[in-house]
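Worksheet: the structure to be examined is printed underneath.
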Amino acid sequence: MSGATGERGFARLRHALTPLALVALIAAVAMPDVTLPRNTFSYIVTFDITQSMDVEDVSLNGEPVSRLKFAQAAMRDALGRLPCGSKVGWSVFTGQRTLLLLPPVEVCANYDALLVSLDGIDGRMRWTNWSRIAEGGVYSAVRVARDVGENSAIVFVTDGQEAPPVSPSRALMPDINAARIRGWLIGVGGDQPAAIPKSDADGNRIGYWQADDVIQVPATPGSAVQAETHEELSELRGQYLAFVAGQTGLDYRRLWSVTSLGEAMREPRFAHREPVPTDLRWVPALFALLLLVARFVPDVFRERLRVTRKRVRAALWRLAHRISRSPLSS
């Protein structure tokens with residue numbers, strides 16, 4: 001009798017789990033965000049949109065794509081990895097100037113808008129075909145980040161090719177304190193020199209740059225022989241970018257894969273802790289799920305066990321029947 005009483009009490013307890021699960025589901029729907037401290041990041045991402053970034057010497061999903069498209073794919077991946085509360089803005093570089101397109105906005109609340117605006121960045125935004133990365137581009141990006149404020153670091157994505165070319169030994173602009181610069185100089189491109197596509201003002205391909213179309217590397221003062229150069233071809237200038245990064249206080253990293261940019265942007269030393277509205281509705285939702293599992297799973301197991309026992313008994317009965325009718329049994 002006591003066993004039956006205990007089983008009935010257990011059954012009543014299990015039935016009580018259903019309204020508790022309903023209450024937890026209502027809490028999951030109605031629960032407001034909770035403000036909690038969290039590590040967040042703030043970046044202004046600058047894309048080099050000069051024509052060398054149109055060289056298709058990197059691959060995405062097994063297909064060749066331009067350096068700019070590869071960098072955008074890496075940025076899309078990075079957006080999905082940044083924690084809510086982080087902020088990202090866009091700027092573009094060509095000539096000697098970085099132009100702010102979108103100031104940093106919160107990534108979760110503006111995720112779709114960030115993706116759409118990111119896809120809109122291309123070479124049609126160019127206002128000139130020459131570029132000065134070290135002498136102007138990086139410092140212009142730093143000024144933009146400083147003017148925007150909000151403790152924004154920079155991510156400057158480029159292949160490192162300058163046109164007209166400059167000697168790496170030329171002094172960089174000295175008017176910004178390198179100790180106050182935070183962020184990444186990201187290199188993208190292949191190791192083998194490749195022809196640079198030439199585009200018109202509408203972004204249409206009209207051929208490739210030729211040796212006579214561009215200025216080659218200037219002669220080194222005091223050098224009797226000038227080595228032949230091919231500035232009409234382009235490859236990742238990784239050593240040069242690493243030199244520029246070392247002179248400006250940035251960190252240099254090569255964009256090997258679409259995931260490497262997200263890894264760099266989530267570097268803990270670039271994080272700052274601040275209170276962020278956090279969605280914790282998953283907690284009561286998970287609790288409701290556990291309650292429902294505790295309520296219904298035993299019934300499912302009991303039914304499966306009953307069916308299994310019935311099948312086993314039927315199989316044993318058929319086996320016994322066959323044995324009884326076998327000639328050997330007589």
For Arg146, only one of the following conditions fails: (1) surrounded by 15 or more Cβ atoms within 10 Å (Cβ to Cβ); (2) touching a helix residue (DSSP H, G or I) at 6+ places or on another chain (Cβ under 9 Å). What is its number? (1)
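Every residue, every condition in (1) modelled with pLDDT of 75 or more; (2) in a strand (DSSP E or B); (3) exposed (fewer than 14 other Cβ atoms within 10 Å of the Cβ), yes or no:
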site: Arg8; (1), (2), (3): no, no, yes
site: Leu13; (1), (2), (3): no, no, yes
site: Val29; (1), (2), (3): yes, no, yes
site: Thr35; (1), (2), (3): no, yes, yes
site: Glu56; (1), (2), (3): yes, no, no
site: Gln72; (1), (2), (3): yes, no, no
Yes or no: Tyr208 within 28 Å of the chain's Cα centre (by Cα), in the same structural domain as Val58 (by TED's automatic domain parsing), modelled with pLDDT under 85 and hydroxyl-bearing (Ser, Thr, Tyr)? no
Pro197 passes all but one of the listed conditions (1) at pLDDT 75 or above; (2) surrounded by 11 or more Cβ atoms within 10 Å (Cβ to Cβ); (3) out of contact with any Gly (no Cβ under 9 Å at 6 or more places or on another chain); the exception is number (3)
With the first residue restricted to the range 131-142 and required to be closer than 15 Å to Ala242 by Cα, and the second required to be assigned to a helix (DSSP H, G or I), Cβ contacts under 7 Å at 6 or more apart or on different chains are Ile133/Val244; Ala134/Val244; Val138/Val244; Val138/Thr248
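Yes/no matrix, rows are residues, columns are (1) at pLDDT below 75; (2) assigned by TED's automatic domain parsing to the domain that holds Gly187; (3) touching a strand residue (DSSP E or B) at 6+ places or on another chain (Cβ under 9 Å):
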| residue | (1), (2), (3) |
| --- | --- |
| Leu241 | no, yes, yes |
| Thr248 | no, yes, yes |
| Arg253 | no, yes, yes |
| Ser260 | no, yes, yes |
| Phe287 | no, no, no |
| Arg295 | yes, no, no |
| Arg306 | yes, no, no |
| Lys310 | yes, no, no |
| Ser324 | yes, no, no |
Can you name every residue in the range 100-124 that is touching a helix residue (DSSP H, G or I) at 6+ places or on another chain (Cβ under 8 Å) and in a helix (DSSP H, G or I)? Tyr111, Leu114, Leu115, Leu118, Asp119, Gly123
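The values are calculated or read from the model by the stated rules, or taken from the named source; none is laboratory data. In this text the structure is predicted, and so the values were computed from the model without any measurement. Heads up, the Cβs are rebuilt from the backbone with ideal geometry, glycines too, and the neighbour counts pull from every protein chain shown.
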